Amino acid sequence: MTCSGENDPPDVRIDVMKIEENGPVHGIVRLTGAYRYRWVGSTIKGISTPGLCPFSLRLHFYAGTGLIGMEHFFVYDGDPDMDFVRQIGIGFDIGFRIDGMTVGTDAESLSYTCASGAMGIHQASADHFEIWKTGKDSFPETIGCGRRAAGWVHVSGEKGGVVFGIRRFWQQFHKSLHVDADAGRIDAFLWPPEAPTLDFRRYAREWGVGEDGAYENDPMPENYRLAAKGTGKSHELLFCLHEGSMTPEDAGQLFAIFDQRPLLLAPPAYYAETGALGHYSAKTDTGFDDLEAIVQRPMDYLRAAQKGSHWYGFIDYGDVQTCYTTFHRHDRWENDFGRWGWGNGDQVGRLNYALMLQFLSTGERALFLFAEANMRHVHDVDATHTSEYPFKMGTEFHLAGSVHRHNAQHYACPYVGSRGAHLMGARIHYFLTGSGRSKDILDEVLALAERLPQGAANDGHGTSAISFLCAWERTGNKAYCEKALRVLESYGLEKIRGGWMAMLTAAFGVFDAMVEYTDLSEDRRFVPLIVAFAEMCMGPDIEENWTYPGGYFRIYAEALRFCEEADRTERLLQGIHRARTRLGEQMASSSSILRETLWPAPPGESGGAFSNFSIDANTLRDLPFLMYALEHTRKDETR
Amino acid sequence: MNALRTGDALFRFGSGGFVEYAAIGDKTVVERKAGFRSIVAADGFVPANPSERFPVRGERMAVYFQVEHVETPKGVVVQASGKASDMTMEVRLDAHPEPDGAVCVAGRFVVRGKGWVAGMGLAFPLVLDPDPLRRRTTVGGERRNETWRLDQNDEDDSETWKHKVSDTRARWPLWRIGGLTVDAPHHYLVWKANATTTAALPMDQGTRCPGWIEYANRTAGIRVTWPDIHRHAPAGFTMDGETGTLTIWLHPPSIRPLRCEGEIVRTGAWRLSINGDQDL
């Protein structure tokens with residue numbers, strides 16, 4: 001780091017080294033500790049542990065191979081105005097002199113000989129990498145460049161070779177890989193020395209510029225400039241040591257598999273039929289073509305937007321923005337006002353849940369990579385992982401696991417709550433991949449739920465209840481089920497009157513938790529409430545509300561599934577019919593938006609084609625549940 | 001004092017380095033303030049650790065310039081030379097009028113010696129409108145243009161400002177500084193920032209941009225165009241809406257310092273257009 005302009009190199013303090021898995025094929029060693037600095041964080045008043053930036057490192061070993069996989073996660077626990085990340089990297093002395101280096105690029109692999117000195121590849125943006133070389137005592141000169149590096153380097157020498165690289169390399173720029181021929185050393189830089197310092201400063205010195213709860217003309221409350229304290233970032237790396245048997249082509253193929261992440265998948269119908277993720281309909285000939293398109297097309301749009309709007313980089317990769325030319329007329333995403341901009345944690349319980357579910361329903365690999373990046377980004381960067389947050393939410397400073405709301409930046413909104421830490425995406429990812437980082441996310445959010453069951457902002461009941469149900473699933477310990485029930489009881493569900501309040505339970509996870517609890521236990525206490533909520537969510541008042549119909553489909557779906565009275569079922573079906581009709585009208589008026597020929601928006605057409613584009617992630621998440629309920633109700637609506 | 005007249009526009013050159021006054025009719029667009037230095041090139045840089053391969057931290061060196069103007073049949077030539085620590089710099093700027101009223105400038109910056117160059121550019125002291133809402137900067141991107149004003153009621157009249165749809169108490173952030181950075185031949189970034197002490201917000205990125213920036217007051221404005229800017233990467237523009245400084249960067253300061261061991265030559269050719277019928 002650099003602190004107030006001075007270099008502040010760390011010591012590495014390892015607190016715990018643990019064999020996490022010791023199988024016949026796969027072993028995992030996990031190290032946890034902190035980078036210990038002299039000055040980092042020392043300018044923040046009232047912090048008891050300045051200078052410590054926690055990290056974890058998992059090392060994966062595979063029997064009979066030279067493969068070493070790594071999962072690295074670090075927490076930035078500094079003062080964003082004073083402490084800047086200069087470089088983060090992992091390196092090895094490999095024990096022999098390096099003769100040559102091959103670099104994987106987007107088009108081919110490029111080979112260089114190393115007579116002496118050092119070489120490296122630096123991905124400086126999503127569209128540019130450079131390859132540099134130095135003599136023994138000279139400064140780097142660029143010897144090659146291109147657009148998107150593959151993210152690996154293969155080095156060879158008299159005793160063998162090493163392939164090493166960083167997953168999602170160009171997407172998460174800046175990144176670099178260094179080779180020092182004379183010293184026989186290789187380094188993988190997660191934030192490289194070639195880059196400017198990594199900057200976590202707030203986007204504005206003024207206050208009341210769109211942040212949640214900020215008042216016009218108020219001065220900025222003390223320490224709110226430090227909102228990024230505790231943000232984190234995870235990476236995956238691969239090292240493969242060999243005795244000279246691998247060619248650069250082998251290296252490229254090996255790394256491509258790692259970069260895409262191998263997955264063992266069952267057919268989509270299997271996941272849906274188990275009911276483990278609720279009662280949803282997989283995309284396997286449901287007969288609801290209109291609803292399937294409404295789920296799929298906005299996801300296609302967002303993936304195109306990521307590509308077209310360059311939502312890449314160390315800090316940004318994985319997140320999506322929320323409003324396009326909705327409130328002003330500049331033909332762009334509205335990321336320069338605090339209220340809108342990046343989706344951050346307000347998306348994760350809806351959009352990420354929907355993305356992961358849709359991947360399970362389609363098996364579409366690109367969707368998985370998009371969903372995975374989104375999930376990791378929210379729980380890494382949009383979250384705070386510090387035990388000493390610089391300002392309180394409610395009465396709390398220990399907010400680790402809580403997530404910031406939407407904002408011009410990922411961490412500048414003063415709201416930091418567990419509502420945004422909804423973990424359905426991480427839960428699906430964990431059971432699909434066994435990822436150590438996903439496991440840590442589940443553990444961190446569970447610890448948050450144990451500490452603050454209602455969330456620091458008193459809106460985290462949904463996240464906490466789901467977290468306890470997930471812990472029950474992971475451990476078999478029924479005590480977690482009881483904890484989930486207690487959180488739900490503390491929400492005051494029986495006091496809810498009106499569709500708006502009922503809708504909020506669905507938007508932020510409480511309703512999901514009620515349904516999951518009901519499905520998994522033999523306790524039917526919530527069934528009358530589920531049906532009553534749906535009835536509150538129908539009628540002229542709510543059907544004229546701006547949240548209608550997008551916020552209500554899960555409530556309708558589950559009520560339909562649980563309702564056993566014919567006349568109430570009939571009323572539900574009529575309400576669902578009205579909601580589907582309204583949704584169809586909305587989408588029809590958005591049909592131009594969904595024409596790919598207009599992605600991304602051409603200049604000057606905002607008044608017409610892109611007048612009001614925003615994606616209701618509630619709808620994307622909930623329609624698969626509605627399809628299931630309609631499919632399985634005895635009084636099936638005409639498809 | 002040397003001057004170029006192009007149609008209704010007048011450009012004057014002075015001891016500060018380059019264009020010190022520009023006007024169209026009775027509307028002044030550029031006017032030098034005391035102490036303003038046009039050539040901000042050769043801001044030398046002494047790294048804290050001289051052996052660092054990629055220094056980001058160092059000490060900025062003062063640069064002193066001598067400027068001379070020569071009138072030629074075609075236009076005006078500005079020659080400047082300066083010195084900073086162990087480095088010297090020579091700048092030559094050839095300016096001539098174009099038939100369409102623009103001034104075309106060809107620039108050549110030469111740095112000699114041993115050290116690091118943190119930034120190299122050519123600055124213009126613009127006249128700012130007293131009303132911040134009328135200080136409008138626009139940068140061209142690949143698919144769209146980015147515009148911002150120095151006012152918290154940017155965009156629309158505050159009465160119809162729809163950003164207040166969810167929170168009536170909030171204002172627009174002040175975007176005091178912004179610009180274009182072409183950091184590589186196939187990548188550019190349009191950005192804006194609240195202050196020099198805040199992180200910049202990326203507004204647009206792509207592989208190829210048209211290479212222009214425009215500043216406009218209520219009734220007059222200036223546009224600087226750098227054709228084929230990607231061929232000159234790293235390059236860019238910045239506009240500071242509080243100080244009124246528009247800068248063309250031949251080596252942007254946001255890019256890592258440039259190592260000089262012998263000689264570095266940077267060239268560029270720009271069109272300066274001023275107009276007096278802005279409609280804001």
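Across the stretch A:122-134, rounded Karplus estimates of 3J(HN,Hα) from the backbone phi angles (6.51 cos²θ - 1.76 cosθ + 1.60, θ = phi - 60°) give 10, 8, 9, 7, 5, 10, 7, 10, 10, 10, 10, 8, 10 Hz, Gly and Pro being marked x.
Given a cut-off of 21 Å, name the pairs among A:Lys229/A:Lys307; A:Lys133/B:Lys114; A:Lys136/B:Lys83; A:Lys175/B:Lys114; A:Lys229/A:Lys392; A:Lys233/A:Lys478 whose C-alpha atoms lie farther apart than that in the structure shown. Write out the running numbers ahead of the final one.
Values: A:Lys229/A:Lys307 29 Å; A:Lys133/B:Lys114 19 Å; A:Lys136/B:Lys83 30 Å; A:Lys175/B:Lys114 29 Å; A:Lys229/A:Lys392 13 Å; A:Lys233/A:Lys478 33 Å.
With Cα atoms farther than 21 Å apart: A:Lys229/A:Lys307; A:Lys136/B:Lys83; A:Lys175/B:Lys114; A:Lys233/A:Lys478.
Residue-wise HN-Hα couplings along the stretch A:278-283, as the Karplus relation 6.51 cos²θ - 1.76 cosθ + 1.60 with θ = phi - 60° gives them from phi, are x, 9, 10, 9, 6, 7 Hz; Gly and Pro carry x. For chain A, the longest principal axis of the C-alpha atoms and the axis of helix A:289-308 are separated by about 30°. Close amide H pairs (under 5 Å, H built 1.01 Å from N) link A:Ile88 with A:Leu190, A:Trp191, residues at least 5 positions away or on another chain.
Given contacts defined as C-alpha pairs under 8 Å and at least six residues apart, what's the relative contact order of chain B, whole-number percent? Don't jump to the answer; show the numbers that get you there.
On the way: 739 pairs, mean separation 55.8, N = 280.
The value is 20 percent.
Each Cα pair under 8 Å and six or more residues apart adds its sequence gap; the mean of these over the residue count of the stretch A:1-96 is a relative contact order of 27 percent.
The mean sequence distance of close C-alpha pairs (under 8 Å, at least 6 residues apart), as a share of the length of the stretch A:291-413, puts its relative contact order at 27 percent.
Within the stretch A:103-199, report the trypsin sites (Lys or Arg not before Pro) that DSSP leaves as loop and that have at most 13 other Cβ atoms within 10 Å. Sites meeting the loop and neighbour criteria: A:Lys136, A:Lys159. Taking 0.36 nm per residue of sequence separation and removing the Cα-Cα distance, the A:Glu222/A:Glu243 pair yields an extension gain of 1.8 nm. Highest-first packing order for the peptide set A:190-197, A:555-562, B:58-65 is A:555-562, A:190-197, B:58-65, based on the mean count of other beta carbon atoms within 10 Å. Which cross-chain or sequence-distant (5 or more) residues have an amide H under 5 Å from the amide H of A:Arg202, H modelled 1.01 Å from N in plane? Answer set, sorted by chain and number: B:Ala199.
Using 0.36 nm times the number of residues separating A:Ala366 and A:Phe92, minus their current alpha carbon distance, what extension gain do you get? Computed gain between A:Ala366 and A:Phe92 is 95.3 nm. Most tightly packed first, judged by the mean number of other beta-carbon atoms within 10 Å of their residues, the peptides A:502-509, A:341-348 read A:341-348, A:502-509. Relative to the longest principal axis of the Cα atoms of chain A, the long axis of helix A:248-260 lies at roughly 30 degrees.
What is the packing order of peptides B:261-270, A:92-101, A:355-364, taking the mean over residues of other C-beta atoms within 10 Å and listing the highest first?
Values: B:261-270: 15.1, A:92-101: 17.0, A:355-364: 23.2.
Result, highest mean Cβ count within 10 Å first: A:355-364, A:92-101, B:261-270.
Kindly provide the GluC sites (Glu not before Pro) of the stretch A:233-273 that DSSP labels as loop, not H, G, I, E or B, and whose Cβ sees at most 14 other Cβ atoms within 10 Å. Working shown, then result.
Working: sites: A:Glu236, A:Glu243, A:Glu249, A:Glu273; in loops: A:Glu243.
Of the GluC sites (Glu not before Pro), the ones in loops of the stretch A:233-273 whose Cβ has at most 14 other Cβ atoms within 10 Å are A:Glu243.
For chain A, the longest principal axis of the Cα atoms and the long axis of helix A:510-520 meet at an angle of about 80 degrees.
Proximity of backbone amide H atoms, modeled 1.01 Å from N, is registered between A:Val320 and A:Gly343, A:Asn344 at under 5 Å, excluding neighbours fewer than 5 places apart on the same chain. From its DSSP helices (H runs of at least four residues, each -39,500 (n - 2.57)), chain A gives a residue-normalised ellipticity at 222 nm of -10000 deg cm²/dmol.
Shielding by partners for peptide A:126-133, expressed as the average number of C-beta atoms from other protein chains within 10 Å of each residue's C-beta, is 3. Remark: mean inter-chain Cβ contacts per residue of A:187-196 equal 2, using a 10 Å Cβ-Cβ cutoff to other protein chain atoms.
For the stretch A:345-358, 3J(HN,Hα) computed residue by residue from phi via the Karplus equation (6.51, -1.76, 1.60; θ = phi - 60°) reads x, 5, 8, 5, x, 10, 5, 5, 4, 5, 5, 5, 5, 5 Hz, glycine and proline entered as x.
Inter-chain neighbour count for B:192-201: the average number of beta-carbon atoms from partner chains within 10 Å of each residue's beta-carbon is 6.
Every read-out reported here was derived from the displayed coordinates using simple, explicitly stated rules and does not represent laboratory data. Everything quoted here is computed from the prediction, not taken from an experiment. Cβ atoms come from the backbone with ideal geometry, glycine included; neighbour counts cover every protein chain shown.
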